[in-house]
Amino acid sequence: MPDFNDIDIKFLKGVGDARAKVLTKEIEVATFRDLLYYFPFRHVDRSRFYKISELSGEDLPALQIKGHFVSFRTEGEGARKRLVGVFSDGKNMMETIWFSKIITFATAYKPGVEYVIFGKPNYFRGAYSIAHPEVEIYNPSKPPTGFRGVYSLTETMRKKGITTKVIQSLVANLFMNAGFDSLKDPLPEEVRRRYNLMPLREAIRQMHFPENARLLQSATERMKFEELFYVETHILRYSMERSARLPGYYFGTIGEKFNGFYFNVLPFQLTGAQKRVLKEIRADMKTGRQMNRLLQGDVGSGKTMVAFMSMLMAVDNDCQAAMMAPTEILATQHYASLKEWADPIGVKVALLTGSTKTSERRIIHEGLQSGEIDIIVGTHALIEDTVQFKQLGLVVIDEQHRFGVAQRAKMWSKNTVAPHVLVMTATPIPRTLAMTVYGDLEVSVIDELPPGRKPITTLLRYDNNRLEVDRLIFSQLKAGRQVYIVYPLITENEKLDLKSLEEGYERTVETFQGYRVCYVHGKMKPAEKDHQMDLFVSGEARIMVATTVIEVGVNVPNASVMVIENAERFGLSQLHQLRGRVGRGADQSYCILMGKYKSGADTKKRLSIMTETTDGFLISEADMKLRGPGDMEGTQQSGIAFNLRVADLTKDGQILTRAREAAFALLRGNPSLLPEGTLPTPPQKGDPLPITVNEEESNVIRKELQIRFAHSVDWSLIS
Ligand code: ADP
Ligand code: MG
């Protein structure tokens, strides 16, 4: 008999082929297990009824209103035909709308009968309405109690009649299935006991059909713990394996190149933070194990110098180093900085990108193979198979979020010994996120900017301030400075009421006559883009009109104004990145966020965070709270299958910490759960007491890991 978890959903009573197809396609529910874990995303208190006059704001959750239908009418023709019901709560009225089964609904609900309608109110032109509400007769002698789950349903599901009620009945059928009672708990008993967690079956019941708020709370906590426990177990398994298995180059000496650079060439004093991070990196490179370190530092904090000096450690120990950048523009800029620093100490740097000519490419390939080239800077071109190194000791990856783990892995496979890896990002990541998404990396932080930077003045402005903004731009241009203007779109789009680069370009040329304007966007040919970039870098063009392609790394210290059109369209972290393009010189710089005057209070509040702080960590915390971790830059392409369904990294930091500790204790107590061939590293002071599990439990854990992470990268293939 197959495991209850694995049974095809079509075999569940009430499903069948047709519904199974919809469930699989729409919400990825393909097995019994998938449905068990398809929890309501919210629970509504069934005894709480809203008054229409209480509704406010644009983004309301689904809620209940008690009242009666006053009248029904149909509107529109053909495919647009709809049924509109007027619903009264006794005092105020609102509309309910049906787009299908019009005839059924038009006659189903009787005037004068008291109903409870349930759904998400939409706000349109000053009034609220609910589309396809769920409707129940209200029975005053038996008022509803407890909670009702709200499942996320797609439009297609609704059209096919798969409502919350249907999902509830399917889940109830699952609970009646004989297999449910013998479902194994993926959290071993000892873990449940130590952390005081509800057993699986009860937790699942309470998640779908909570009896009361307290039980729902415990169930939720248990399910969050389970989810985070497995994420952490997954991450820790591989990081334990790697540190046990992957030997790294031993860089014992600080040699001639490093010292020569440090004492004779280094054009400024390192900041305290840069020094500290260099020490951390140096310590890693002396352990004999491979380094995997994430270097976080705000824009302009001087990560490139840290990277360069780390590369010198490799060169001093007869190894080569590679630096990968996400774009050609950025690679070229890095190459220029690195070359300037490397030439005086006789370290050879080369550049390899997609547009390197074939003949030149061959010379570079040879230089890398012979060891004549010490440092190579490049784009994705570096991970092409033909690139071979004599001895690659360190890989630096700039702006990590554009490179997935698989690509990191590809760099490693170019060596018999895995090179040390330093991943640099200017998108600060909240701690909880770093623990999950980058849980396999050690983290260093540069939390100090080089001295002498003037803080950037950030202003929130609207279309009716256009003249004031133009005046500011003019005054900066007259002072010899340069200006960026960023647009959310390249071309005008009828559907979206947004400013586009094309119209913006025309307006800019017309408004700022006498100043050359250049432009870049993501759809240009590389050669054309480079040409436009050069115009700006050389100062020939004084204004650059662009889309967010300039977000990453471009460095023009003379630029002092960043104007962002339709700023409400961008995430805070992205705005922070864009703002980091200015303020790179010693002069006062400005970032002007052009907002939409009509946008809601939430949007205005969000944008005003930008005017209040320039601290990237604060901004990313705020951004994560507002948008949720799944939408954060840097998470989509991360190696760990990152789709938390129950846990919320913005709120569940404490559960995460406990889950990580439990995962650690589990792996400590059961080396057989580690990837094959991994010898556990010796225990350290402060480690939690190991947790041991029996054979049956370890099998359940193995199976669970497989279900949850079958599609993520297998690190063991990499080493
Ligand atoms: P990011 O961390 O954004 O990559 P960069 O490495 O591009 O920052 O550094 C920004 C600028 O600051 C560069 O011009 C760099 O040379 C300069 N810089 C780096 N470290 C220092 C320092 N300690 N003192 C002064 N300037 C520095
Ligand atoms: Mg940089």
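The numbers here are math on the coordinates, done by the rules we state, and not lab data. Since this is a predicted model, take the numbers as computed values, not measurements. When we count neighbours, we look across all protein chains shown, and the Cβ atoms used for this are built from the backbone with ideal geometry, even at glycine.
Order the peptides 700-706, 591-597 from the highest to the lowest mean number of other Cβ atoms within 10 Å of their residues.
Ranking the peptides 700-706, 591-597 by packing returns 591-597, 700-706.
Indicate the gyration tensor shape class of segment 437-515 (rounded, prolate or oblate), computed on the Cα atoms with a ≥ b ≥ c the square roots of the eigenvalues: a/c under 1.5 is rounded; otherwise a/b larger than b/c is prolate and the rest oblate.
Note, shape of segment 437-515 comes out oblate.
Looking at the square roots a ≥ b ≥ c of the eigenvalues of the Cα gyration tensor of segment 490-561, which shape do they give, rounded for a/c under 1.5, prolate if a/b is larger than b/c, or oblate?
It comes out oblate by the Cα gyration axes.
Hey, what does the equivalent ellipsoid look like for segment 460-614, semi-axes from the Cα gyration tensor as sqrt of 5 times each eigenvalue, largest first, whole Å?
22, 18, 16
Expected output is a single nm value to one decimal: the length gained when fully extending between Lys101 and Asp470, i.e. 0.36 nm times separation in residues minus the C-alpha distance. What is it?
127.4 nm
In debye to the nearest 20, how big a dipole does segment 474-625 give about its Cα centre with +1 on each Lys and Arg Cβ and -1 on each Asp and Glu Cβ?
Charge dipole, segment 474-625, about its Cα centre: 220 debye, nearest 20.
On a straight-distance basis, which lysines could pair with Lys21 in a cross-link, Cα separation under 24 angstrom, same-chain partners fewer than 8 positions away excluded?
Within the straight-line cut-off, Lys21 pairs with Lys10, Lys13, Lys101, Lys159, Lys160, Lys165.
To two decimal places, what compactness ratio does segment 226-319 give when its Cα radius of gyration is scaled by 2.2 N^0.38 Å?
This ratio for segment 226-319 stands at 1.31.
Highest mean first, how do 499-510, 571-582 rank when packing is the count of other Cβ atoms within 10 Å averaged over residues?
Packing order, densest peptide first, comes out as 571-582, 499-510.
How would you order 665-673, 370-378 from highest to lowest mean count of nearby Cβ atoms within 10 Å?
370-378, 665-673
Sorted from largest down, give the three principal axis spans of the alpha carbons of segment 50-158, whole angstrom values.
42, 30, 29
For segment 211-281, what class follows from the C-alpha gyration tensor (a ≥ b ≥ c being the square roots of its eigenvalues): rounded when a/c is under 1.5, otherwise prolate if a/b is larger than b/c, else oblate?
Oblate shape, in that a/c is at least 1.5 and b/c is the bigger or equal ratio.
Return Met624, Met524 ranked ascending by Cβ neighbour count within 10 Å, so the fewest neighbours appear first.
Ascending Cβ contact count within 10 Å gives the list Met524, Met624.
In whole Å, what are the Cα extents of segment 546-622 along the three principal axes, biggest one first?
35, 25, 22
Segment 150-189: D in µm²/s via Stokes-Einstein (Kirkwood Rh, Cα pairs, 37 °C, 0.692 mPa s)?
Translational D for this selection: 272 µm²/s.
Among DSSP beta bridges lying fully in the chain, give the percent that are antiparallel, nearest 5.
Given both bridge residues lie in the chain, the antiparallel proportion sits at roughly 35 percent.
For the chain, what does the convex hull of the Cα positions come to per residue, in cubic angstrom?
194
Check the straight Cα-Cα distances from Lys110 and name the lysines below 16 Å, setting aside those fewer than 8 residues away within the same chain.
Reachable lysines: Lys66.
So how tilted is helix 601-612 from the main axis of the chain? Cα-based, degrees 0 to 90, rounded to 10.
That helix lies at roughly 20 degrees to the long axis.
What order do you get for Arg125, Arg361 when you list them from fewest to most C-beta neighbours inside 10 Å?
Arg125, Arg361
List the equivalent ellipsoid semi-axes of segment 1-98 in whole Å, largest first, each obtained as the square root of 5λ for an eigenvalue λ of the Cα gyration tensor.
37, 20, 12
Where the centre of each part is set by its Cα atoms, how far does segment 525-601 sit from segment 440-459, in angstrom?
Taking the Cα centre of each part, segment 525-601 and segment 440-459 sit 18 Å apart.
Can you give the log10 of the normalised intensity I(q)/I(0) at q = 0.12, 0.18, 0.22, 0.24 Å⁻¹, computed with Debye over equal Cα scatterers of segment 154-258?
Each listed q corresponds, in turn, to -0.63, -1.02, -1.18, -1.24.
Per the helix-only calculation at 222 nm, which mean residue ellipticity applies to the chain, given -39500 (n - 2.57) for every DSSP H run of n ≥ 4 and division by its residues, nearest 500 deg cm²/dmol?
-11500 deg cm²/dmol
Can you give me the C-alpha center-to-center distance between segment 220-288 and segment 63-136, rounded to a whole angstrom?
60
With labels modelled as points extended 7 Å from the Cα through the Cβ direction, what inter-label distance (nm, one decimal) is found for Tyr462 paired with Glu492?
So the two model labels end up 2.4 nm from each other.
For the chain, calculate the relative contact order in percent as a whole number, restricting contacts to Cα pairs under 8 Å that are 6 or more residues apart.
Contact order relative to length: 13 percent.
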